[in-house]
Amino acid sequence: MKRLLLPSVLFVTFLSLAGDPVSTFESKVVRETRVDGDTVFSTHDALAAIHRLVDRDAFAGMSRNEVLRILGNPEDLNSFNQAHEQDDAASLTYRFDHGLGGWEFTFHFADGKLSSISKRSLD
C-alpha cells in the first residue's frame, strides 16, 4: 500500500480551508519578524498571511480574546505597534511594517464579537 504525503504547507492550507478558520501554521506565519539593529519588523510572509486571513474573513464572529490568541498582543508583534486597551469593546490595531511600508489593520468589536476590520496602507 502506497501512502501519499502532501507537503506540509498544502496540508495545513487544506485543513484551514476545510473548516478551521485559522490554522496553527498561519498563526505562526502572521507573527514572523526580522530584526535589524534595535528595530523589529514584520516579514513579507507575515504581511501576506494577514492579508489572506482578512480577505477570506477568517476572523468573522470571533471575540476580542480569540483575535488576541491568534495574533498576540499588538505591542509584541513588532517595533511599530502600541499597547492595546484592556476593555473588551476596544479596537485592536496591528501594524505590519516590513521596513519599506506595510499595512495597518484595526479590528473593531461590538457586542463581544468582531464587527469589522479596517485596513490602511502605510506606503
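Just so you know, all these numbers are worked out from the coordinates, no wet-lab data involved. What you see is a predicted model, and the numbers here were worked out from it, not measured in a lab. Cβ sites come from the backbone with ideal geometry, for glycine too, and all protein chains shown count toward neighbours.
Would the stretch 27-69 count as rounded, prolate or oblate if I go by the C-alpha gyration tensor, calling it rounded below 1.5 in a/c and otherwise prolate when a/b exceeds b/c, oblate otherwise?
Note, shape of the stretch 27-69 comes out oblate.
For a label point 7 Å from the Cα of THR33 along Cα→C-beta, name the residues of the stretch 44-78 whose backbone N is under 20 Å from it.
Within reach of a label on THR33: 44-51, 67-78.
For the stretch 8-121, what class follows from the C-alpha gyration tensor (a ≥ b ≥ c being the square roots of its eigenvalues): rounded when a/c is under 1.5, otherwise prolate if a/b is larger than b/c, else oblate?
In terms of gyration-tensor shape, oblate.
Hey, can you grab everything whose amide H is under 5 Å from the amide H of LEU122? Only 5+ residues off in sequence or another chain; H modelled, so Pro and N-termini drop out.
GLY102, TRP103, GLU104
Given H placed on each backbone N at 1.01 Å, which residues far from LYS113 in sequence or on other chains put an amide H within less than 5 Å of it?
Close amide H contacts, sequence-distant or interchain: none at all.
Quick check on packing: order 111-123, 74-86 by the mean number of other C-beta atoms within 10 Å, highest mean leading.
Ranking the peptides 111-123, 74-86 by packing returns 74-86, 111-123.
May I ask you to compute the full-extension gain from ARG52 to ASP87, defined as 0.36 nm times their residue separation minus their alpha-carbon distance, rounded to one decimal in nm?
9.9 nm
Starting at the first residue of the stretch 30-45, write each ³J(HN,Hα) from the Karplus equation 6.51 cos²θ - 1.76 cosθ + 1.60 with θ = phi - 60°, in whole Hz, x for Gly and Pro.
Taking θ as phi minus 60°, the curve returns 5, 9, 4, 9, 9, 10, 10, x, 9, 9, 9, 10, 6, 7, 4, 5 Hz for the stretch 30-45.
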